[in-house]
Structures are given as structure tokens and as C-alpha cells.
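None of the figures in this text is laboratory data; all of them are computed from the coordinates on show. What you see is a predicted model, and the numbers here were worked out from it, not measured in a lab. Every residue, glycine among them, receives a Cβ derived from its backbone with ideal geometry; neighbour counts consider all protein chains shown.
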Amino acid sequence: MRTIGVDLAAEAVRTAVAIVDWRPGGAVVRNLRLGADDDAVCAAVEDAHLAGIDCPFGWPDGFVALVEAHHAGRLAAPSSSDRAWRRPLTMRATDLWVHEHTGLVPLSVAADRIAHAALRLTAVLARLTGRGINCARDGSGRVAEVYPAAALKSWGLPFRGYKGPAGQGVREVMVARLAEHAPWLELGGARELCVRSDDALDALVCALVARAVAQGASARPVDRVQARREGWIHVPTGPLARLVPGATSRRPPLADPPPV
């Protein structure tokens, strides 16, 4: 079984892809690279059982409705434009779920620069869909939305302060802790790159989360119909040890939701 992780940025130079092969008794990082363009991302997804991608898969229903109404000149004036009114416009159902259950706040795809990466992702998913790849945004197909910080926290690993040059020391600790918690994972040369680059480290975490999703060991959407529009962040529900071969290798089937 092969999973991949993609830390998707707006530009290829900050995009990392990790490839992890799972075998009896452990797993090995086959490749970890920076500077992945759309072709590289699509090729990796096509060659994998499941891909975990760190990027919002969609926009909040409320935000989409607001933009449509405003564009058409038929937006009804709200009684107030305060934070309470804006919250459902900027946060998806999955963002609110992650905040409630982990205390972390995912970046808003409607009100943050991460929207640039999300726009790129729409093009990538469209290409994959055109090639016959199931890119359902709820994670029931070949791709699943993931959030490395939430996964790291759920596994009891450091999850803050590891970004950028100033976070290299934290990344060293993170990689060492990962090796302790997952001695079955062969990092090889990927270890040095994960310490050097937070993008590479995030991509590796995404590939591990993809394994959890494949095993059915991640939190499933509260509302699958909404998740197929907005996307759903898959947070692991079990320890890292559950990822080793010997556990279930396939996800339990999910019933198709009614037409949207």
C-alpha cells in the first residue's frame, strides 16, 4: 500500500510531496521532495492508494451564498455585520469541528491567504477528476483533506512553533519524537529534510494521516452532503501504532449521500 502527503502552497516552490510505502511490520519513506508542480502532485496522487493534502478542499456554504447574492445584487442587509454574523461565512463546518475538538483554529479559506493555495487545489482536483480519479471532498475517494497540527496534537507530538527558520530546533525535537513513537517508520534521508523544511515535515505527516484515513481511523464528517461541498479535515482517532500493517488495510465502505 502506498500513501502520499502533499503540503500544498500557492506556488510549486513551497509545495512538498512525501511518498510512504507500507509493508508488513513497518513503512518506509520512498521519496520526499520540495518544489512540486501540478504535474508532480497529480502523478503522485495517481500512483497512491490515498493522498492526504494539507489545503482546504472547499469554501463555507455561507460564504458561497453570500458571494452569489452580492454578485447578483440581491443580498439582503443583515441586522449586523459583527463577528457573530461573519463567523459562519469564514469558517466551514469542519473548521468549527476541529476547533471544538482540538482547540486549534484552521486558517480561513474565505478570509486568509490560504485561499491562494485552495484556488490552486481546485485546478489540481479538476485535472485528477478528468483522469477518472475520485476526488470527493469528504475524503471517501482517493484524496482527503488533512491538517498536520491537529494530527500531531492527536498523536501527542509537538505541534506548535515549528514553522520557518526559527522553528528548526522544534522540528529536530519533533522528528526525534516521531522516531520514538513510530520506530517502524524508516525515514532515511527524509529525516534531515524534515528538520530543514517545515513544508517537508508537513508533507510527511499528511502521508501518515492518509494511512489513518485509509484504515477508517479518522473522524468522519458530521454531514457528508455538506462535506462534499465544503471539504472535511480528517483528524486521526487512534495512536500512531495503529498505522502499522496488520491492521485493516482498507476503509469500510461509506454509503453514497443523496444528490446535492
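Summing +1 for each Lys or Arg and -1 for each Asp or Glu, what net charge is found among the other residues whose Cβ lies under 10 Å from the Cβ of V146?
-4
Just the number, please: Stokes-Einstein D of segment 1-131 in µm²/s, Kirkwood Rh from C-alpha pairs, 20 °C, 1.002 mPa s.
Stokes-Einstein gives a translational diffusion coefficient of 127 µm²/s.
Answer with one residue from A212, G188, A200: the one whose Cα lies farthest towards the positive end of the charge dipole of segment 170-221, charges on Cβ with Lys, Arg +1 and Asp, Glu -1.
With unit charges placed on the Cβ atoms, the residue in question is A212.
Regarding segment 167-244, what's the average projected area of the Cα-atom convex hull, expressed in nm²?
5.9
Trypsin sites (Lys or Arg not before Pro), restricted to segment 1-80: which are DSSP loop and have at most 10 other Cβ atoms within 10 Å?
Counting only loop positions with at most 10 other Cβ atoms within 10 Å, the trypsin sites (Lys or Arg not before Pro) in segment 1-80 are R74.
Residue farthest toward the positive end of the dipole of the chain, with Cβ of Lys/Arg at +1 and Asp/Glu at -1: which of V143, H101, V124?
Towards the positive end, the residue furthest out is H101.
Segment 1-43: D in µm²/s via Stokes-Einstein (Kirkwood Rh, Cα pairs, 4 °C, 1.567 mPa s)?
120
What does the charge count around A241 come to, taking other residues whose C-beta lies under 15 Å from its C-beta (Lys +1, Arg +1, Asp -1, Glu -1)?
+2
Length gain on complete extension for the stretch R177 to E100, per 0.36 nm per residue less the alpha carbon to alpha carbon distance?
25.1 nm
Efficiency by 1/(1 + (r/R0)^6): what FRET value for A111 and D37, r their Cβ-Cβ distance, R0 = 25 Å, to the nearest 0.05?
Efficiency at R0 = 25 Å is approximately 0.35.
About its Cα centre, how strong a charge dipole does segment 1-85 have in debye, to the nearest 20, once Lys and Arg get +1 and Asp and Glu get -1 at the Cβ?
So the magnitude is around 240 debye.
With the crude spin-label approximation of a point 7 Å out along Cα→Cβ, what separation in nm comes out for H71 versus N134?
Distance between the two pseudo-spin positions: 3.0 nm.
Using only Cα atoms, locate the centre of segment 48-80 and the centre of segment 204-240, then give the distance between them in Å, rounded to an integer.
One Cα centre to the other: 21 Å.
Restricting to the chain, what percent of DSSP beta bridges are antiparallel, rounded to 5?
DSSP beta bridges in the chain are roughly 55 percent antiparallel.
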